[in-house]
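Visitor: Please read through the structure below; I'll follow up with questions.
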Amino acid sequence: SSTTGTAMAGSTSTPPDEAPRPVETTLASIAEQVEAIDALVDRARARLRVFDVDLSQGGWHTADRAERLVAFLRRARGARVEIIVHDTRYLEQSCARLIVVLRQYGHAITVYRTGVEARKALDPLVIADDRHFLHRFHVDGPRAALAFDAPLAARPLVTRFEEIWATGEPGLSGTVLGL
């Protein structure tokens, strides 16, 4: 097991296997969010949860994102991706590479459309393993919170995601596309 330079610089009373300290920052642009989502996908080990209005602003249409998602799904047996959006049209029309990943990994990816109860939610979320997250404060603005190794800070967002998810209805599947 390797340790980072910062872990080695800590006091001798801190065991190297201790949980990493939370790192939280505020992002000011969509470009920073695209990079942050890539970092979240790369860090994910078991579960990636995504809520968005339509996936049009987070880089979900790119080949790079599709490759990162495939790498995530191959990293761990039982890895899951849960995506819920208000509108699937952008995904269907502009995210061809993501659709290919959905077809190949339909057993591991679920895409839902929000139910009526969640249609007012306008604060996109990407949560990795319930401990790393990106929370965009409002879809109309570029500001967002990014956190790594912050399970306590992630908890209310996980709850929010679960509430939105509970309203979901089937959006797209790997077997029935383009209906």
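Visitor: Residues that are free of Cβ contacts under 8 Å to residues at least 24 places away in the same chain: find the helices (runs of 4 or more DSSP H) completely inside region 68-170 holding 2 or more of those.
Guide: 151-166
Visitor: Which one of these is surrounded by fewer than 19 Cβ atoms within 10 Å (Cβ to Cβ), modelled with pLDDT of 95 or more and within 11 Å of Phe51 (Cβ to Cβ): Asp149, Asp130, Asp123?
Guide: Values: Asp149 fails: within 11 Å of Phe51 (Cβ to Cβ); Asp130 fails: within 11 Å of Phe51 (Cβ to Cβ).
After ruling out the rest, the residue left standing is Asp123.
Visitor: Among the residues of region 14-32, is any at pLDDT 95 or above, part of a helix (DSSP H, G or I) and open to solvent by less than 20 Å² (accessible area, probe 1.4 Å)?
Guide: No, region 14-32 contains no residue that is at pLDDT 95 or above, part of a helix (DSSP H, G or I) and open to solvent by less than 20 Å² (accessible area, probe 1.4 Å).
Visitor: Could you tell me which of the residues Ala36, Ala46, Ala66 is at pLDDT 95 or above, surrounded by 13 or more Cβ atoms within 10 Å (Cβ to Cβ) and closer than 21 Å to Glu162 by Cα?
Guide: None of the others qualify; the one that does is Ala46.
The values are calculated or read from the model by the stated rules, or taken from the named source; none is laboratory data. Please read all numbers here as calculations on a predicted model, not as lab measurements. Glycine gets a Cβ as well: all are built from the backbone with ideal geometry, and neighbour counts include every protein chain shown. Heads up: the accessible areas ignore ligands, DNA and RNA and are worked out on the full protein's heavy atoms, side chains in. Shrake-Rupley method; radii C 1.70, N 1.55, O 1.52, S 1.80 Å.
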